[in-house]
Structure formats: structure tokens, C-alpha cells
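Let me begin by presenting the structure, written as C-alpha cells, before commenting on it.
The values are calculated or read from the model by the stated rules, or taken from the named source; none is laboratory data. Bear in mind the structure is a predicted one, so any value in this text is a computation, not a measurement. Here Cβ is always computed from backbone atoms with ideal geometry, including for glycine, and neighbour counts include all displayed protein chains.
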Amino acid sequence: MGDSKRIGILTSGGDCAGLNAVLRAVVHRAAGLGWTVLGVEHGTHGLMESPPAARALNLADFDGSVMRRGGTILGSSNFGNPFAFPQLDGDDLDRSDEVIAGYRALGLDALIGIGGDGSLSILNKLAQKGDLNLVCIPKTIDNDVGVTELSVGYDTAVQVATDALDMLQPTAASHDRVMILEVMGRDAGHIALVAGIAGGADVILIPEIPYRIEHVVRKIRRVQEAGRRFALVVVAEAVPNESGNKIVQKYAGGRSAYSGIGHLLGDRLAETTRAEVRVTVLGHVQRGAAPDARDRLMASVFGVHAVDLIAEGQFGRVVVWRDRQVLDLPIEEVVSEPALVDLDGPVVRTARGLGICLGDA
Ligand code: F6P
């Protein structure tokens with residue numbers, strides 16, 4: 001099967017469950033072809049270093065426990081676009097040439113980049129600038145990478161959010177409370193919608209569907225009038241407040257992330273219903289769990305297919321999952337549009353059919 005190759009692999013963007021399982025799959029498939037795999041540390045940051053921060057990944061590194069663990073043994077980073085890398089003085093510096101030099105210094109025949117749509121766009125730009133042989137694997141708990149029905153990490157995050165609802169329901173019922181669960185997902189409502197259905201939520205608010213607080217209040221009153229004195233509400237982190245502004249938490253160093261709508265909603269519902277309201281912001285526990293079976297499967301399918309693409313000399317492609325098949329498409333096509341919740345799709349229809357309030361009626 002062809003010449004021996006030396007391939008690099010990196011994990012970029014926010015971590016999620018299943019990244020280590022991708023690494024394992026790539027190393028297993030590459031070993032079967034007699035290739036060497038170099039794991040680059042902390043995404044493109046590792047390639048910027050001189051010498052590049054990378055280490056050989058061998059079958060012996062995957063003793064059976066690694067693929068079961070959350071996180072990434074290579075480390076990752078969700079800031080520091082090499083084309084505009086933030087400097088201490090506040091300015092940005094184009095460090096893309098350093099990344100390209102790192103690829104060359106490692107003597108790579110190809111690079112596998114595992115990332116969400118932001119990372120994949122940046123990697124594609126680097127590949128085009130430096131003529132790098134790039135193949136990408138989609139990962140993100142948000143499941144917003146275009147075209148692919150699944151990205152690594154999403155299924156586990158949905159399970160964590162569903163488990164959280166399972167654990168909030170007893171307190172909701174015991175104390176006659178409205179329990180609000182704020183979940184991640186960036187600008188997409190996939191986690192909220194699916195976990196909300198699976199976890200028996202009465203109200204699910206997602207960024208794709210504008211809501212009115214009156215509808216939410218009415219739903220909770222109806223639940224109460226029907227004799228159930230508690231309710232479960234799921235809200236996606238990028239749902240805006242009533243003035244249409246998304247709520248952002250600012251962190252030291254100038255970075256920020258969505259967070260806070262759960263508490264605002266909680267205050268409004270406490271004002272407008274007689275119920276006692278409590279809010280849980282689920283946060284990063286959605287990213288750190290052990291990957292579930294589906295994420296391990298997707299990680300394995302994508303890892304093997306990515307190596308096979310390199311063996312065939314096909315680059316500039318992302319592996320995707322569609323209609324029970326693994327396919328690969330040009331990176332530009334996959335990142336051109338995020339995959340938001342399909343408002344006419346079966347999941348939204350199901351939520352409405354179950355009588356779940358989506359905030360718009
Ligand atoms: O994209 C994954 C994600 O977990 C989003 O759901 C969330 O908005 C964001 O990353 C959080 O980023 P950070 O880890 O920087 O807080």
C-alpha cells in the first residue's frame with residue numbers, strides 16, 4: 001500500500017469527548033500502513049514553536065484507556081489564529097509562516113487537523129498558503145459544522161445535558177420548582193433541543209427561534225394548572241435577552257464566551273410565575289465526559305477514513321457523516337455555512353408534537 005509516510009495530527013479549538021479516540025484510530029490505521037504519526041501539541045501553536053512541539057504517537061501510547069478519556073492528550077487551543085496572533089501589547093501578528101515552517105521542519109507528508117468550523121477554515125487557509133497536504137476531521141459539541149450530520153463530541157455532550165435534566169427533575173418535583181438548565185452550543189441550539197426532548201423539558205429555548213417571555217410563562221402556568229407543580233426549562237447559551245442581545249461572560253485576557261441567559265430568564269420567570277426558580281449553568285462538563293459509544297464510533301470512522309484519504313493522495317477535504325455513510329468533501333464547502341437547527345426538520349416537529357414550548361407560541 002504505497003510508500004511509508006510521516007503524518008502529523010493536531011487537535012484545535014475547544015476540547016470535547018472523543019478526541020483521544022480519533023488519535024487512536026489514526027495511529028492504528030497508519031500503523032497498519034507502516035506510517036509514522038507525529039502528534040502536534042496545542043493545535044497550530046505547536047507548529048509555531050521552533051523546534052515544533054510534537055511527539056511520535058505509537059500503538060503503545062494507546063493502551064486501551066486513552067480512547068475512553070475526555071480531553072485531548074495533545075492539548076488544544078481555542079484562541080490564537082496564526083494569521084492574527086494576539087501579542088502582549090494588544091496588536092496582532094501574522095505568524096502563519098511559522099506554522100508552515102513547522103510543518104516543513106517536521107518533514108510531514110500530510111497533516112490531519114481535528115477541529116470545528118473556525119479551526120477548519122484557518123487550517124485550510126494555512127494549507128493553501130503553504131501548499132500543505134491537509135485532511136480534516138470535524139469535532140465540536142455544538143454540532144454546527146456544515147454538511148456533516150455528526151461531529152465528534154456532540155453526542156456525549158447531549159448525553160451529559162440529558163443526565164443533568166434527569167438529576168434536576170427530582171429536585172424540581174420535590175420542591176415544586178421551575179428548574180432552568182443553561183446548556184452550551186454557541187449559536188446553534190442542537191444540544192438544547194435534543195437534550196430537552198430526551199430529558200422531558202417543558203420549555204426549550206434555542207437561538208434559532210425568537211421567543212416571547214409571555215409564551216414561556218403561559219406554558220408554565222398551564223403545566224401548573226394541569227396539576228404538576230414543577231417544570232423543566234432548557235435554554236441554549238446564545239438565546240438573547242428580551243431586547244435581542246446575547247449574553248456574554250468576559251474573562252481576563254479579553255476573551256469571552258456566551259453565558260448568563262439562564263439567570264436572566266430565571267429572574268423573569270420568578271417575577272412572572274408564582275414558582276420558585278433555580279438555575280443551573282452546565283458549562284464545560286458538557287465537554288469533559290468520557291466519550292459515549294457513538295462518539296467513539298464517529299471518532300474511529302473519521303480517523304480511519306482520514307488516513308485512507310491521505311493514502312489516496314486526496315487533500316483539502318473534510319470527512320463527514322451523512323445518510324449512514326462516511327464521505328469527504330472540500331473544506332470550503334463544509335465550512336461555508338454553519339449547520340443550525342432546521343426549523344422545518346423532524347426534531348423541531350417532534351418537540352412541537354410533544355407539546356414542548358419553543359418560546360414562539
Ligand atoms: O464550541 C464549543 C464551546 O464549548 C461552546 O459551546 C462554548 O460557547 C464555547 O466553546 C466555550 O468556550 P471556552 O472554553 O473558551 O469557555
Here are some residues: Arg186, Arg218. Which one is surrounded by fewer than 16 Cβ atoms within 10 Å (Cβ to Cβ) and among the charged types (D, E, K, R)? Arg218
I'm trying to understand the selection: among the residues of the stretch 6-21, which are β-branched (Val, Ile, Thr) and under 16 Å from Tyr154 (Cβ atoms)? Thr11
Could you list, in sequence order, the residues of the stretch 46-90 that are hydrophobic (A, V, I, L, M, F, W, C), free of Cβ contacts under 8 Å to residues at least 12 places away in the same chain and under 21 Å from Ala30 (Cα atoms)? Ala60
State all residues of the stretch 318-345 that are more than 15 Å from the chain's Cα centre (by Cα) and more than 13 Å from Ile137 (Cα to Cα); if no residue qualifies, say none. Arg322, Asp323, Arg324, Gln325, Glu332, Glu333, Ser336, Glu337, Asp342, Leu343, Asp344, Gly345
Only listed residue being small (Gly, Ala, Ser), in the same structural domain as Ala173 (by TED's automatic domain parsing) and without any contact (Cβ under 8 Å) to a residue 60 or more places away in the chain, chosen from Ala201, Ala257: Ala257
Among the residues in the stretch 163-177, are any among the hydrophobic types (A, V, I, L, M, F, W, C), within 30 Å of Asp267 (Cβ to Cβ) and within 14 Å of the ligand (Cβ to nearest atom)? no
Within the stretch 145-161, does at least one residue satisfy the condition of being within 14 Å of the ligand (Cβ to nearest atom), among the charged types (D, E, K, R) and in a helix (DSSP H, G or I)? no
Inspect all residues belonging to the stretch 37-48 and state whether any of them is over 19 Å from the mean Cα position of the chain (by Cα), within 30 Å of Leu340 (Cβ to Cβ) and within 16 Å of the ligand (Cβ to nearest atom). yes
What's the total number of residues in the stretch 112-144 that are part of a strand (DSSP E or B), of a type in the set (A, V, I, L, M), touching a Cys at 6+ places or on another chain (Cβ under 9 Å) and away from the ligand (no atom under 14 Å from the Cβ)? 1
What strands (runs of 3 or more DSSP E) lie completely within the stretch 252-360 and have 1 or more residues being loosely packed, with under 13 Cβ neighbours inside 10 Å and within 16 Å of the ligand (Cβ to nearest atom)? 256-258
One residue from Asp131, Asp144, Asp163 being under 19 Å from Tyr258 (Cβ atoms) and of a type in the set (D, E, K, R): Asp144
Would you check if there is a residue in the stretch 164-176 being part of a helix (DSSP H, G or I), under 19 Å from the mean Cα position of the chain (by Cα) and within 22 Å of Ile141 (Cα to Cα)? yes
